[in-house]
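Worksheet: the structure to be examined is printed underneath.
Just so you know, all these numbers are worked out from the coordinates, no wet-lab data involved. No experiment lies behind these values; they were computed from the predicted model shown. Glycine also receives a Cβ, built like all others from the backbone with ideal geometry; neighbour counts cover every protein chain displayed.
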Amino acid sequence: DADSSWWRGAVIYQVYPRSFADGDGDGTGDLAGFRAKLSYLGELGVDALWFTPWYPSPMADGGYDVADYRDIDPRFGTLAEAEKLIGEALDLGIRTIVDIVPNHVSAAHPWFREALAADPGSPARERFWFRPGRGERGELPPNNWRSQFGGPAWTRVTEADGRQGEWFLHLFDSRQPDLNWDHPQVRREHEDVLRFWFNRGVAGVRIDSAALVSKDPALPDLPESGEPLPHPYVDRDELHQIYRSWRAIADSYPGGRILVGEVWMPDFERFARYLRPDELHTAFNFDFLSCPWDADRLRASIDTTLHAHRPVAAPPTWVLSNHDVTRTVTRYGRVDTGFDFATKAHGTPTDLALGTRRARAAALLTLALPGSVYLYQGEELGLPEVEDIPADRRQDPMYLRTGGADPGRDGCRVPLPWSGTVPPYGFSPPGSAAEPWLPQPTDWAARTVTAQQGDPASMLELYRVALRLRRAEPGLGDGPMRWLPGPGEVLAFQRGPDFTCLVNLSGEPVPLPDHTEVLLASSPLSDGMLPTDTAIWLRANGR
Ligand code: TEU
């Protein structure tokens, strides 16, 4: 029924709670701050919220190091507040999705503390991947796997930490030990955690690092070059059984609950396997994050995405940004280099005016494509990446573990500007002693919510109007699309009987089609022409 398929064409707003709004004045966002701003999201017109982890955590990786999956970090509030929040959001018609982190736990999780204190080879260590080292004295890591954040994926237990000798696996930070999913307790625990949150009224879960969870228990070295298949820890067949069991749990709830996979997978055919009818409902399509602002490349990306989703029942998803990547206006503004997602190309010349213009067009493009859209907090304000955070304020392990060689992800996680002309821009209550946990730029006065509200030229109003039109337009959201003929450098497609989206990437103005009514344009039109780097929504009339 319509209610249980709400997600197929939803706009889902990603909340990074640390940086959304600070209610208690400690410089860190929290649930009280969030709840006070809930009406903002109601007026924005989003269908659901996805909260990045809000659980008790030492915050070694912004909360993706979970110490207790069944509670709320005291910095953010209490479980009772979270339950209230879920209900208050529902009163506005907004559903809540929580983040589940199955690949690893925090080093502060009771299981890992128990494992550290236990003897090598003991049952408490079997929930993780403990192994003796190589070399004469076990001084070398058990294999050559690398952490996603740089350096070896293994850390040796020291005397200070616990019973020394063995090494443990961590595909991310050393404070994020990987779980052993061959262990029945690990499976049962996560199934219980799913029920815990489903029972509290959440509409679904986002599954962190969903393709990395299963490991080849032989833990073989990776070859020097080339990707082995099967890979010892990426996209293993065993995963599908895990997600099938999760799907059965989700489906056992009246109206259903949804599973959203964070499945980084360049191979779309492998990706689509996660979307089979008894597995995940939907998964992030990250292709636009690395797709240049080029008509052919965008068209190819859209076609590949649609093609991959055709054999499965799941609609595509569109992601322009999240808490792991360079902000959209900055990415699209990197005129000289294009935008290299891998190196993030920090410090390269950036034309923010151009980047903003393209980000506005990209917003209308993604909101007109078939399927659902993820909107990361601050994108609706057109926030740029903050590239000049001082080294001693940076917190991302990706920056810290690479000694700054990777700029890391702090630049897209800076606390939101709500009002006023100077930091903290209303992020914290007036008179708060603490500074925001990451420093905000001094030139964000024009980017605050209050500065943009009611300004028809602002990014915020573009998103509001677009989301309002999208809701009212039966052709948008889930459903088919049809490419329209036209010049190659202009993306043109139709949704429903009479809705058209055009995106001009030709570098020159192009004429608007006849017999159309303009519903919304990402930049001002001139003399019936569609300027370059502009998207437009049209309705055919009188034909
Ligand atoms: O990210 C998964 C992941 O694969 C990351 O390494 C990603 O490739 C990288 O952040 C891109 O810059 C998820 C979360 O989104 C991320 O914030 C966490 O750090 C990570 O899992 C570990 O939990």
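Please state the shape class of the stretch 481-540: rounded when a/c is under 1.5, otherwise prolate if a/b exceeds b/c and oblate if not, all from the C-alpha gyration tensor. Oblate, since a/c reaches 1.5 and b/c is not below a/b. Relative to the dominant Cα principal axis of the chain, helix 459-472 is inclined by about 80°. Rounded to the nearest whole Hz, the Karplus-based 3J(HN,Hα) values (6.51 cos²θ - 1.76 cosθ + 1.60, θ = phi - 60°) of the stretch 317-331 follow the sequence 10, 10, 10, 9, 6, 7, 6, 10, 10, 4, 3, 4, 5, 6, 4, with x at glycine and proline. Could you work out the helix-only [θ] at 222 nm for the chain, with each DSSP H run of four or more residues adding -39,500 (n - 2.57) and the total divided by the number of residues, to the nearest 500 deg cm²/dmol? About -7000 deg cm²/dmol. Within the shell of other residues whose beta carbon sits under 11 angstrom from the beta carbon of residue 509, the net charge comes to -3, with Lys and Arg scored +1 and Asp and Glu -1. The label-point distance for residue 472 and residue 307, in a model that sets each label 7 Å from Cα toward Cβ, rounds to 3.8 nm. Per residue, the average separation of C-alpha pairs within less than 8 Å and at least 6 apart gives the chain a relative contact order of 13 percent. In this structure the amide hydrogen of residue 375, modeled in the peptide plane, comes within under 5 Å of the amide hydrogens of 12, 13, 14, none closer than 5 places in sequence on its chain.
The amide H of residue 520, built 1.01 Å from its N in the peptide plane, has 537 as neighbours under 5 Å, considering only residues 5 or more places off or on other chains.
Rounded if a/c is under 1.5, else prolate if a/b beats b/c, else oblate: with a ≥ b ≥ c from the C-alpha gyration tensor eigenvalues square-rooted, which is the stretch 445-501? It is oblate, given that a/c is not under 1.5 and a/b is not larger than b/c. Angle between the Cα long axis of helix 79-91 and the longest principal axis of the chain, 0 to 90 degrees, nearest 10? Approximately 20 degrees, to the nearest 10.
Taking all Cα pairs closer than 8 Å and separated by 6 or more residues, the relative contact order of the stretch 256-384 comes to 24 percent. Taking a sphere under 11 Å around the Cβ of residue 109 and counting the other residues whose Cβ falls inside, with K and R at +1 and D and E at -1, yields a net charge of -1.
Karplus-derived 3J(HN,Hα) values for the stretch 46-55, using 6.51 cos²θ - 1.76 cosθ + 1.60 with θ = phi - 60°, are 8, 8, 8, 10, 10, 8, 5, x, 10, 7 Hz; glycine and proline are entered as x. Remark on residue 178: its backbone amide H falls under 5 Å from those of 129, 169, 170, 171, a criterion applied only to residues 5 or more positions apart or on other chains, H modelled at 1.01 Å from N.
Here the peptides 116-124, 32-40 are ranked by packing, the mean other Cβ count within 10 Å, and the order with the highest first is 32-40, 116-124. Taken about its Cα centre, the chain carries a charge dipole of roughly 700 debye when the Cβ of each Lys and Arg holds +1 and the Cβ of each Asp and Glu holds -1. Taken along the Cα-to-beta-carbon direction at a fixed 7 Å, the label points for residue 518 and residue 68 span 5.6 nm. For the stretch 119-201, trypsin sites (Lys or Arg not before Pro) are listed when DSSP marks them as loop and at most 13 other Cβ atoms sit within 10 Å of their Cβ; the list is 137.
Only sites in a loop by DSSP and with at most 11 other Cβ atoms within 10 Å count here; which chymotrypsin sites (Phe, Trp or Tyr not before Pro) in the stretch 450-511 make the cut? Here no loop site has a sparse enough neighbourhood.
The region of the chain that goes longest without hitting one of the GluC sites (Glu not before Pro) in a DSSP loop, each with at most 15 other Cβ atoms within 10 Å, is 225-543.
What the Cα atoms of the chain give is an Rg and a Dmax of 23.5, 82 Å. For the stretch 66-186, the relative contact order comes to 24 percent (Cα pairs under 8 Å, sequence separation of at least 6). Shape summary: the stretch 1-54 maps onto an equivalent ellipsoid whose semi-axes, from the alpha-carbon gyration tensor, are 26, 11, 8 Å in decreasing order.
All other residues whose Cβ lies under 14 angstrom from that of residue 528 are scored, Lys and Arg at +1 and Asp and Glu at -1, for a net of -3.
Taking a point 7 Å out from the Cα of residue 405 in the direction of its Cβ, the residues of the stretch 136-167 whose backbone N falls within less than 11 Å of it are 150-152. Does the stretch 105-178 come out rounded, prolate or oblate by the C-alpha gyration tensor, with a ≥ b ≥ c the root eigenvalues, rounded set by a/c under 1.5 and, if not, prolate when a/b is larger than b/c and oblate if not? Here the stretch 105-178 falls in the oblate category.
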